[in-house]
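**Student:** Handing you a structure now.
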Amino acid sequence: MKKTYRGSCHCGAVRFEADIDLEAGTGKCNCSICAKIRNWSAHGKPQDLRVLCGEDNLADYQFGSKQGHHLFCKTCGVRPFGRGYVEQIGGDYVSVNLGALDDVDLAELAAAPVRYMDGRDNNWFEPPAVTSYL
C-alpha cells in the first residue's frame, strides 16, 4: 500500500514528497552509475512525486541511451530522485532515492524487498551473480 513520504537533498534546497509502496519492492542495480553511487530506489509514476521546492536547483545528468534523467542538487550534489521513460517498465517513471527520505522508519526500509538488476551486463530483468556489494 502506498504511503506518502517527505524527502530532501542534504542541504534542504530540494524538497519533495512521494507516494511509495515499499512492500511492493525496491531496487538496486550494478550498472555504471548505480554501482558508483550505491543507489537504492523505489520506482513509481510521475504523479507519485511532487517537488515542493528547489526544482530550479536541480541539475540533470544523462548518459548512454538518455532514457533517464539523473537529477542532483546543484548545491550539495545529493540525488533525491530521477525521472525517465523506459518502455519495458511501463513508460514514464520516477525513481526515488530511498536515502533521501526524511521521515521513513528504518524498520520499514529493512523490511522492504530488494530486487537486484544486472545493468552492467544489460540484463536488467535478472540479478547479477554477486549482489553483496550493492
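The values are calculated or read from the model by the stated rules, or taken from the named source; none is laboratory data. Everything numeric here is computed off the predicted structure, so don't read it as measured data. Note that each Cβ is placed from the backbone with ideal geometry, even for glycine, and that neighbours are counted across all protein chains shown. Just so you know, the surface numbers come from the protein's heavy atoms only, side chains and all, with ligands and any DNA or RNA stripped out. Shrake-Rupley method; radii C 1.70, N 1.55, O 1.52, S 1.80 Å.
**Student:** Got a sec to turn the phi values of the stretch 82-90 into Karplus ³J(HN,Hα) couplings, 6.51 cos²θ - 1.76 cosθ + 1.60 with θ = phi - 60°, whole Hz, x for Gly and Pro?
**Tutor:** Per residue, the Karplus-derived 3J(HN,Hα) values read x, 9, x, 9, 9, 4, 5, 10, x Hz.
**Student:** Roughly what % of Cα-Cα distances in the stretch 1-65 sit above 21 Å, to the whole percent?
**Tutor:** Counting every Cα pair in the stretch 1-65, those more than 21 Å apart make up 35 percent.
**Student:** I want the local charge near ASN39. Using Cβ-Cβ distances under 9 Å, sum +1 for each Lys or Arg and -1 for each Asp or Glu among the other residues.
**Tutor:** +4
**Student:** Just tell me the longest site-free run in the chain, where the sites are trypsin sites (Lys or Arg not before Pro) in a DSSP loop having at most 16 other beta-carbon atoms within 10 Å.
**Tutor:** Formally, the longest exposed-site-free interval is 75-119.
**Student:** Further question on the same structure: What net charge is computed for the residues neighbouring TRP124, neighbours being all others with C-beta under 14 Å from the C-beta of TRP124, Lys and Arg scored +1, Asp and Glu -1?
**Tutor:** For residues surrounding TRP124, the net value is -1.
**Student:** Here's a follow-up. Determine, at each q value in 0.13, 0.17, 0.19, 0.21 (inverse angstroms), the log₁₀ of I(q)/I(0) that the Debye formula gives when each Cα of the chain is one equal point scatterer.
**Tutor:** -0.52, -0.92, -1.17, -1.43
**Student:** Compute, for the stretch 53-112, the length of the dipole vector about the Cα centre, with Cβ point charges of +1 (Lys, Arg) and -1 (Asp, Glu) only. Units Debye, rounded to 20.
**Tutor:** Roughly 340 debye for the stretch 53-112.
**Student:** Send over a whole-number figure in Å² for the accessible area per residue of the chain, probe 1.4 Å.
**Tutor:** On a per-residue basis, 57 Å².
**Student:** Using only Cα positions of the stretch 68-110, each an equal point scatterer, no hydration layer, compute I(q)/I(0) via Debye at q = 0.20, 0.29 Å⁻¹ and quote the log10 values to two decimals.
**Tutor:** So the normalised log intensities are -0.74, -0.95.
**Student:** Follow-up. Dipole of the chain (Lys/Arg Cβ +1, Asp/Glu Cβ -1, origin at the Cα centre): which of CYS11, GLY84, MET1 lies farthest to the positive side?
**Tutor:** Farthest towards the positive pole: CYS11.
**Student:** Grab the DSSP H runs of the chain that are 4 residues or longer, score each as -39,500 (n - 2.57), total them, divide by all residues and round the 222 nm result to the nearest 500 deg cm²/dmol.
**Tutor:** Taken over the chain, the calculation gives -2000 deg cm²/dmol.
**Student:** Still on this model: What do you get for chymotrypsin sites (Phe, Trp or Tyr not before Pro) in the stretch 1-93 restricted to DSSP loop and a cutoff of at most 11 other Cβ within 10 Å of the site's Cβ?
**Tutor:** Those that pass, being in a loop and sparsely packed, are PHE63.
**Student:** Next question. Within the accessible area of the chain, what % is carbon and sulfur when the probe is 1.4 Å and the other protein chains stay in place?
**Tutor:** Roughly 52 percent, rounded to a whole number.
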